[in-house]
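Have a look at this one before I ask anything.
The values are calculated or read from the model by the stated rules, or taken from the named source; none is laboratory data. In this text, all values refer to a predicted model and were calculated from it rather than measured experimentally. Don't worry about glycine lacking a Cβ; one is built from the backbone with ideal geometry, like all the others, and counts go over all protein chains shown.
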Amino acid sequence: MIRIILVEDELAIRKALEIKLENLYDFKTYSSFEEAKDLNLRDIDLVLLDISLKDGSGLDLYKIYKMQKDIRVIFLTANDEEETIVKAFDMGADDYLTKPFKMGELLARIKKLFPKVIKFKSIVIDTDKKEVYKAGEKIKLSPREYDLFLYFVENKNIVIERQSLFKLWEEDDIFINDNTLSVNVKRLREKLNLSSLRTVKNVGYVLDEKS
């Protein structure tokens, strides 16, 4: 799962981002330069970083982070001075949002950095790592279950015939019969508590986003 940290001294912003991001990503927050300066970034994928922290500069913190790894960063700051914006991008920033920003815009910019992540309700699929998370918890799926779920999500709200699902494994020379398919669908429902995956009698299945 994508791991994101936020370094922000405004409590209201930390809380608002927690509500929006904690079910989509592995998300943690830090409130000061001092608290965040010695973090191990080995497993971190993105930093959301305020420039004007009360006890230090976010630009200086970014310099420290870059000594560890070439980390993605989006600056979230009230500083809209051209000189600061240019400096941030010259340092390697991936994006720069000035406060107040719209939550939807931030989510879109994060998504653009990680195009291989797909979301269905509270479930997140990391297609790069072939991992599935629900409410932030990793759900262990078999390769067949993963293939099925990804296909359902990519074709959500569309009735899919059973014969179409058999073709998912044709190139791998894997034979799937009616019973095997039914078992895998049943396991998917159980593991992901997926009431949205409905059986369409005598046809196949539909992953209904509204149910």
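What number of residues within region 18-53 are under 20 Å from ASP126 (Cα atoms), in contact with a Phe, Trp or Tyr (Cβ under 7 Å, 6 or more places away or on another chain) and in a strand (DSSP E or B)?
Within region 18-53, residues that are under 20 Å from ASP126 (Cα atoms), in contact with a Phe, Trp or Tyr (Cβ under 7 Å, 6 or more places away or on another chain) and in a strand (DSSP E or B) number 1.
What pairs can you find where one residue is in region 13-29 and more than 17 Å from LEU113 (Cα to Cα), the other is assigned to a loop (DSSP other than H, G, I, E, B), and their Cβ atoms are less than 7 Å apart, with a gap of 6+ or different chains?
The qualifying pairs are ARG14/GLU8; ARG14/SER31; GLU22/GLY136; ASN23/SER122; ASN23/ALA135; ASN23/GLY136; THR29/GLU8.
Are any of the residues in region 160-171 out of contact with any helix residue (DSSP H, G or I) (no Cβ under 8 Å at 6 or more places or on another chain) and buried (at least 18 other Cβ atoms within 10 Å of the Cβ)?
Within region 160-171, not a single residue is out of contact with any helix residue (DSSP H, G or I) (no Cβ under 8 Å at 6 or more places or on another chain) and buried (at least 18 other Cβ atoms within 10 Å of the Cβ).
Next up: Checking ARG144 against (1) touching a strand residue (DSSP E or B) at 6+ places or on another chain (Cβ under 9 Å); (2) surrounded by 18 or more Cβ atoms within 10 Å (Cβ to Cβ): exactly one of these is not met. Which one?
(1)
Please go through region 1-59 and give me each residue that is closer than 21 Å to GLY136 by Cβ, out of contact with any Gly (no Cβ under 7 Å at 6 or more places or on another chain) and of a type in the set (D, E, K, R), ordered by number.
ARG3, GLU8, ARG14, LYS15, GLU18, LYS20, LYS28, ARG42, ASP43, ASP45
Also, quick follow-up: Mind counting the residues in region 74-91 that are touching a residue at least 24 places away in the same chain (Cβ under 8 Å) and either over 23 Å from ILE13 (Cβ atoms) or in a helix (DSSP H, G or I) (or both)?
Of the residues in that region, 4 qualify.
Would you mind stating whether LYS111 is over 30 Å from GLU81 (Cα atoms) and either out of contact with any Ser or Thr (no Cβ under 6 Å at 6 or more places or on another chain) or in a helix (DSSP H, G or I) (or both)? Explain how you work it out, then say what you get.
Numbers: over 30 Å from GLU81 (Cα atoms): no; either out of contact with any Ser or Thr (no Cβ under 6 Å at 6 or more places or on another chain) or in a helix (DSSP H, G or I) (or both): yes.
The answer is no for LYS111.
Would you point out which residue out of ASP80, ASP94, ASP70, ASP90 is in the same structural domain as LEU46 (by TED's automatic domain parsing) and surrounded by 14 or more Cβ atoms within 10 Å (Cβ to Cβ)?
Details: ASP80 fails: surrounded by 14 or more Cβ atoms within 10 Å (Cβ to Cβ); ASP70 fails: surrounded by 14 or more Cβ atoms within 10 Å (Cβ to Cβ); ASP90 fails: surrounded by 14 or more Cβ atoms within 10 Å (Cβ to Cβ).
None of the others qualify; the one that does is ASP94.
Restricting the first residue to region 157-173 and requiring it to be farther than 14 Å from LYS201 by Cα, which pairs with a second residue that is at pLDDT 90 or above and of a type in the set (D, E, K, R) meet a Cβ separation below 7 Å and a spacing of at least six or different chains?
The qualifying pairs are ASN157/ASP208; LEU168/ASP147.
If ASP50 satisfies all but one of (1) buried (at least 17 other Cβ atoms within 10 Å of the Cβ); (2) more than 19 Å from ILE13 (Cα to Cα), what's the number of the condition it fails?
Answer for ASP50: the failing condition is (2).
Conditions tested, residue by residue: (1) among the polar types (S, T, N, Q); (2) crowded, with 17+ Cβ neighbours inside 10 Å.
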{"site": "THR29", "(1), (2)": "yes, yes"}
{"site": "LEU46", "(1), (2)": "no, yes"}
{"site": "ASP55", "(1), (2)": "no, no"}
{"site": "LEU61", "(1), (2)": "no, yes"}
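Let me ask you something else. Looking for something over 24 Å from the mean Cα position of the chain (by Cα) and either among the β-branched types (Val, Ile, Thr) or assigned to a helix (DSSP H, G or I) (or both) - is there at least one such residue anywhere in region 65-73?
yes
Further, regarding this structure: Take the residues of region 108-119 that are modelled with pLDDT of 90 or more and surrounded by 15 or more Cβ atoms within 10 Å (Cβ to Cβ): which is nearest to LEU24 (Cα to Cα)?
Among them, the one singled out is ILE110.
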